[in-house]
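See below for the structure under consideration.
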Amino acid sequence: KTLKGLQATRDAAEARTRSEQAALNLEKAKLDRLQNQLKFSVIKAPQKGMVIYANENSGRRGLFSSQSSNIEEGAVVRERQTLIRLPDLTKMQVKVTVHESKVDLIRPGMPARITVQDRQWVGKVVSIANQPEPSSFFAASIKEYATIVSIEGDTTGLKPGMTSEVEILVNDLHNVLTVPVSAVVEKDGKFFSWVKGPTGAHRRPLLLGQTNDKVIQVADGLKEGEEVILNPRAVIAEAQEGAP
């Protein structure tokens with residue numbers, strides 16, 4: 001009876017040893033897998049720069065903007081998701097959005113003026129996106145296209161994410177006649193201005209050229225020195241006819 005009890009104890013110990021060995025082998029396999037993954041977790045920078053999180057929704061605005069893609073400690077990420085960016089501080093550029101009504105005027109290589117915190121640089125257009133930027137729910141009807149503008153010269157002091165103002169020079173016109181945009185009224189697809197004269201204001205049809213949203217080129221219809229009325233819809237009954 002004693003011998004059989006000892007044999008049973010031995011068999012139980014051997015079974016427990018095999019079970020523990022199997023668990024040990026499983027943990028070793030897991031350790032080897034994690035150590036192998038650790039080798040691929042080492043990221044080597046291809047160049048000098050500042051590491052920043054690649055938060056995809058950082059430029060989106062609105063109540064329903066998703067915050068799930070924010071890169072932060074403890075965040076869950078997916079395969080092939082961009083985690084960080086490494087901008088080269090010696091080669092800075094600006095991302096500016098251009099309204100759909102103006103994007104056809106922009107071409108790569110066009111010169112530009114960039115203003116950041118009262119400092120100015122010159123640059124040129126590098127690329128124009130062929131798809132509009134994602135917009136918020138409240139601005140879904142507004143389509144804007146991302147345009148990349150390079151910054152030339154010494155960029156010391158610039159940091160990624162700074163706010164900038166960009167002016168793209170789409171054309172260079174010399175010796176042209178211009179009037180303020182507020183002096184022009186559109187009626188039935190035609191454009192008019194009201195010119196002050198000895199007997200009052202008179203309507204004058206215009207042939208217009210290019211505009212920069214402040215002044216507009218007048219190719220025909222006005223002469224230099226003539227005085228036009230600003231915002232004629234507010235003071236002239238004829239200009240108010242057919243106004244929305």
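The values are calculated or read from the model by the stated rules, or taken from the named source; none is laboratory data. Predicted model only: the values in this text are computed from it and were never measured. Methodologically, a virtual Cβ is constructed for each residue, glycine included, from the backbone with ideal geometry; neighbour enumeration extends over all protein chains shown. Accessible surface areas use protein heavy atoms only, side chains included; no ligands, DNA or RNA. Shrake-Rupley method; radii C 1.70, N 1.55, O 1.52, S 1.80 Å.
Quick one: which residues, 5+ away or cross-chain, put their amide H under 5 Å from the amide H of L177? H built at 1.01 Å from N.
Here the answer is V218, since their amide H atoms fall under 5 Å of that of L177.
Tell me the per residue accessible area of the stretch 85-217 using a 1.4 Å probe; a whole number in Å² is fine. Mind showing how you got there, number by number?
On the way: 8830 Å² over 133 residues.
Averaged over the residues of the stretch 85-217, the accessible area is 66 Å².
Please go through the residue pairs K48/K91; K102/K187; K48/K159; K44/K95 and name each one whose alpha carbons sit more than 18 Å apart in this structure. Write down the numbers at each step before the final one.
On the way: K48/K91 11 Å; K102/K187 22 Å; K48/K159 14 Å; K44/K95 26 Å.
Flagged as over cut-off: K102/K187; K44/K95.
Given points 7 Å out from each Cα along the Cα-Cβ axis, report the H99 to T9 separation in nanometres with one decimal.
9.2 nm
Kindly provide the trypsin sites (Lys or Arg not before Pro) of the stretch 134-212 that DSSP labels as loop, not H, G, I, E or B, and whose Cβ sees at most 16 other Cβ atoms within 10 Å.
Of the trypsin sites (Lys or Arg not before Pro), the ones in loops of the stretch 134-212 whose Cβ has at most 16 other Cβ atoms within 10 Å are K143.
Aspartates and glutamates within cross-link reach of K30: Cα-Cα under 18 Å, excluding same-chain residues under 8 positions apart?
K30 reaches E20.
Which of rounded, prolate or oblate describes the stretch 100-178 when judged by the alpha-carbon gyration tensor and an a/c cut-off of 1.5?
The shape class here is oblate.
Please report, as a whole percent, how much of the solvent-accessible surface of the stretch 97-233 comes from carbon and sulfur atoms (probe radius 1.4 Å).
About 49 percent, which is the carbon plus sulfur part of the accessible surface.
Measuring from a point 7 Å past the Cα of D188 along Cα-to-C-beta, which residues in the stretch 202-244 have an amide N at less than 19 Å?
202-208, 233, 237-244
Using Cα positions and a limit of under 20 Å, work out the lysines in reach of K28, with same-chain residues fewer than 8 apart set aside.
Qualifying lysines at Cα under 20 Å: K39.
What is the sum of charges around S150, taking Lys and Arg as +1, Asp and Glu as -1, for the other residues whose C-beta is under 12 Å from the C-beta of S150?
That works out to +1.
Could you check the spin-label model distance between R85 and I52? Points 7 Å from the Cα along Cα→Cβ, value in nm.
According to this spin-label approximation, the distance is 0.6 nm.
Out of Q131, Q93, Q35, any idea which swings most in a Gaussian network model of the chain, alpha carbons joined below 10 Å?
Q35
Just to verify a number: what accessible area does E79 come out at with the full protein assembly present, 1.4 Å probe, Å² rounded to tens?
The accessible area comes out at roughly 150 Å².
If you plug each phi of the stretch 223-230 into the Karplus form 6.51 cos²θ - 1.76 cosθ + 1.60 with θ = phi - 60°, what whole-Hz ³J(HN,Hα) values come out, in order, with x for Gly and Pro?
For the stretch 223-230, the Karplus-derived couplings read 10, 4, x, 5, 9, 9, 8, 7 Hz, x marking Gly and Pro.
Most mobile of S193, S41, S141 per a Gaussian network model of the chain (Cα springs, under 10 Å)?
For the chain, modelled as a Gaussian network with Cα springs under 10 Å, the answer is S41.
Measuring from label point to label point, each 7 Å out along Cα→Cβ, what is the V76 to T163 span in nm?
Computed distance between label sites V76 and T163 equals 3.6 nm.
Could you give me the ³J(HN,Hα) list for the stretch 10-24, computed from phi with Karplus coefficients 6.51, -1.76, 1.60 and θ = phi - 60°, whole Hz, x at Gly and Pro?
For the stretch 10-24, the Karplus curve yields 4, 4, 5, 5, 5, 5, 5, 5, 5, 5, 5, 5, 5, 5, 5 Hz.
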